[in-house]
Amino acid sequence: MKRLQFFADPPANLENVGEIRGKLVVVEGPDGVGRSTQIAELKRWLERRGSAVIETGFTRSTLAGKGIKLAKQGHTLGSITLFLYYATDFADIVEGQIIPGLRSGYIILADRYIYSAIARAVVRGADPEWIREVYGFAPVPDAVLYLKIGLNGLIERTINSGKGFNYWESGMDLRLGNDMFDSFKEYQTRVLAQFDRMSEEYGFQTIDAERPVDEVADDLRAAIDRVLTLA
Amino acid sequence: MGGVMPLNGLTDQRYPGRLFCVEGIDGSGKSTQIALLHEWLRDEGYAVKFSEWNSSPLVKSTTSRGKKKQLLTPTTFSLIHATDFADRTEHEIIPYLKAGAIVLCDRYAFTAFARDVARGVSPRWVRQLYRFAAAPTVAFYFRVPLDVALDRIVMGRPDLKYYEAGLDIGLSPDPLESFKLFQARIVDEYERMVDEFELTVMDATKTIEEQQRQMRSIVKKFLPRRRRLGAGKPEPKPELRHERPEIKSEQKSA
């Protein structure tokens, strides 16, 4: 048991969460690196071992998930609005899923966390200090498992997954190139640079995601094992 | 003025337009005053843009869903209103200030600072959250005794809404009682901000005509000389601060 730590001030009225039993494990990495596949696998593995798992991620809040998806379909969504809409969604997830889950002893597997939000915002011109302040209410995770991949590996995966280049993941709102591919390269390069910078700042555990899925999964399990054995 | 709140880190340009906002608790008469100001400025030949609190088309459905289903906590309440404000800043405020227009806002970031802190949100955090906001040329605060405002409100609107009455923070199970206690907290926050943000205090117990006369004479001092667009220049900040009425302290929030 331990006390829940926050990056800055806890969310209002949650100052006295008290002791928690659960663990918060974040899987981070760029779009298309294979986070979702790995998390689904981890969840099954943990459940087989008898742990209760809550899987969560961006735009999955009851409050704002739908609103963000709708807003992203239009062409009037400004950058600051986008950042804060995501922060709203994330706060609802923190208060509605993560904190209650941790208190009840769940293992929370978070598909992306404040780091993705920070990377995207900074790449879009936000003051790095400001966006960190905004997310100050987030609980500090027990581990951040960073699936690291280079640009070429990412391009390959994006095409092979069948999803291909999409508007937001190519940073087309920034128009960083003449077409989706050019913009994708530039946008993802900048996002990866932000992840690398945060890797030191926040002590990510880096997992080489250029390798086959099974090997990556082995490393993820080993990392989680270490988190769970830490009392 | 154009320019941004002293705390801002995202945009620090000054814009040729002017930004006037009205603040105060419900029933202080601020909306009436800004509507009169709006008409007057238009008649005087200025290009005017009006923006109202909590009105972004992108965010509205989420906010009303959150309120209807009572999904909002103090933190998400704060964030969704900041999102709404961000959309209006990006679409209704900054572009018009850049164009040299007069932007009028019924409620501004100070509403969030008052309400959210009254709900228990960290004062420091919510001020950081709004750092992207353009700084107003003049922020009018309509000061009114609580019972006067309550009379005006309760007369016009018998059933108080859940969040409006502050029922979410459990000050009292009785909506009217809760509303009173909540409004009192909000008033405390506004009073604290008078010095912090150099709010221009209006005596909201005076007649509508008197208040409007006063508002116009204050606003007049800050209007660009030329009414046609494209001629405005950013206003130098130091002069502005000396001309500003009701300065109580030189201290800026940091």
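Couple of notes before you dig in:
- The residues listed here are A:219, A:173; of these, the one that is surrounded by 13 or more Cβ atoms within 10 Å (Cβ to Cβ), out of contact with any strand residue (DSSP E or B) (no Cβ under 6 Å at 6 or more places or on another chain) and in contact (Cβ under 8 Å) with a residue 12 or more places away in the chain is A:173.
- Test: residue A:23 is open to solvent by 10 Å² or more (accessible area, probe 1.4 Å) and either β-branched (Val, Ile, Thr) or within 14 Å of chain B (Cβ to nearest Cβ) (or both): no
- If you filter the stretch B:19-39 down to residues that are surrounded by fewer than 19 Cβ atoms within 10 Å (Cβ to Cβ) and over 13 Å from the mean Cα position of the chain (by Cα), you find that the one that is farthest from residue B:143 (Cα to Cα) is B:39.
Rundown of residues vs (1) at pLDDT 95 or above; (2) part of a strand (DSSP E or B); (3) open to solvent by 10 Å² or more (accessible area, probe 1.4 Å), yes/no style:
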{"residue": "A:41", "(1), (2), (3)": "yes, no, yes"}
{"residue": "A:60", "(1), (2), (3)": "no, no, yes"}
{"residue": "A:66", "(1), (2), (3)": "no, no, yes"}
{"residue": "A:71", "(1), (2), (3)": "no, no, no"}
{"residue": "A:84", "(1), (2), (3)": "yes, no, no"}
{"residue": "A:96", "(1), (2), (3)": "yes, no, yes"}
{"residue": "A:100", "(1), (2), (3)": "yes, no, yes"}
{"residue": "A:109", "(1), (2), (3)": "yes, yes, no"}
{"residue": "A:118", "(1), (2), (3)": "yes, no, no"}
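- When A:187, A:167 are checked against the criterion of being modelled with pLDDT under 95 and hydroxyl-bearing (Ser, Thr, Tyr), A:167 stands alone in meeting it.
- For the stretch A:128-143, the condition of being surrounded by fewer than 21 Cβ atoms within 10 Å (Cβ to Cβ), more than 14 Å from every other protein chain (Cβ to nearest Cβ) and part of a helix (DSSP H, G or I) holds for none of the residues.
- Filtered by the rule that a residue be crowded, with 19+ Cβ neighbours inside 10 Å and not basic (Lys, Arg), the stretch A:148-164 gives A:149, A:154, A:158.
- Yes/no for residue A:79 being surrounded by fewer than 17 Cβ atoms within 10 Å (Cβ to Cβ) and among the hydroxyl-bearing types (Ser, Thr, Tyr): no
- Taking each residue of the stretch A:57-72 that is facing chain B (nearest Cβ under 8 Å) and free of Cβ contacts under 8 Å to residues at least 12 places away in the same chain and looking for partners that are assigned to a loop (DSSP other than H, G, I, E, B) and buried (at least 23 other Cβ atoms within 10 Å of the Cβ) with beta-carbon atoms closer than 9 Å, six or more apart or interchain, yields A:70/B:58.
- Contacts under 7 angstrom Cβ, first residue in the stretch A:78-95 being more than 8 Å from chain B (Cβ to nearest Cβ), partner among the charged types (D, E, K, R), 6 or more apart: A:93/A:60
- Here is the figure for the stretch B:196-222: residues that are touching a residue at least 40 places away in the same chain (Cβ under 8 Å) and open to solvent by less than 60 Å² (accessible area, probe 1.4 Å) total 14.
- Matching entry among B:67, B:60 (being open to solvent by 40 Å² or more (accessible area, probe 1.4 Å), more than 30 Å from residue B:207 (Cβ to Cβ) and touching a residue at least 40 places away in the same chain (Cβ under 8 Å)): B:67
- Check on residue B:48, away from chain A (no Cβ under 14 Å), open to solvent by less than 10 Å² (accessible area, probe 1.4 Å) and in contact with a Leu (Cβ under 7 Å, 6 or more places away or on another chain): no
- Qualifying residue in the stretch B:74-86 (condition: at the interface with chain A (Cβ under 8 Å from one of its Cβ atoms), in contact (Cβ under 8 Å) with a residue 40 or more places away in the chain, farther than 19 Å from residue B:118 by Cβ and not basic (Lys, Arg)): yes
- Within the stretch B:93-136, considering residues that are open to solvent by less than 10 Å² (accessible area, probe 1.4 Å) and of a type in the set (Phe, Trp, Tyr), the one farthest from the other protein chains (Cβ to nearest Cβ): B:110
- Test result for residue B:182, at pLDDT 95 or above, surrounded by 17 or more Cβ atoms within 10 Å (Cβ to Cβ), in contact with a strand residue (DSSP E or B) (Cβ under 8 Å, 6 or more places away or on another chain) and not β-branched (Val, Ile, Thr): no
- Of the residues screened, residue A:132 is not one that is closer than 26 Å to residue A:222 by Cα and not small (Gly, Ala, Ser).
- Checking each residue in the stretch A:1-20 for being at positive phi and within 9 Å of chain B (Cβ to nearest Cβ) picks out only A:13.
- Failed condition for residue B:154, given (1) farther than 24 Å from residue A:126 by Cα; (2) more than 12 Å from chain A (Cβ to nearest Cβ); (3) touching a residue at least 60 places away in the same chain (Cβ under 8 Å): (3)
- For residue A:36, the conditions (1) over 14 Å from the mean Cα position of the chain (by Cα); (2) open to solvent by 50 Å² or more (accessible area, probe 1.4 Å) are fulfilled apart from (1).
The values are calculated or read from the model by the stated rules, or taken from the named source; none is laboratory data. Small disclaimer: the values here were computed from a predicted structure and weren't measured. All Cβ positions, even for glycine, are placed from backbone atoms using ideal geometry, and neighbour counts span all protein chains on display. When the accessible area is computed, the model is the full protein with side chains, heavy atoms only, and any ligands, DNA or RNA have been set aside. Shrake-Rupley method; radii C 1.70, N 1.55, O 1.52, S 1.80 Å.
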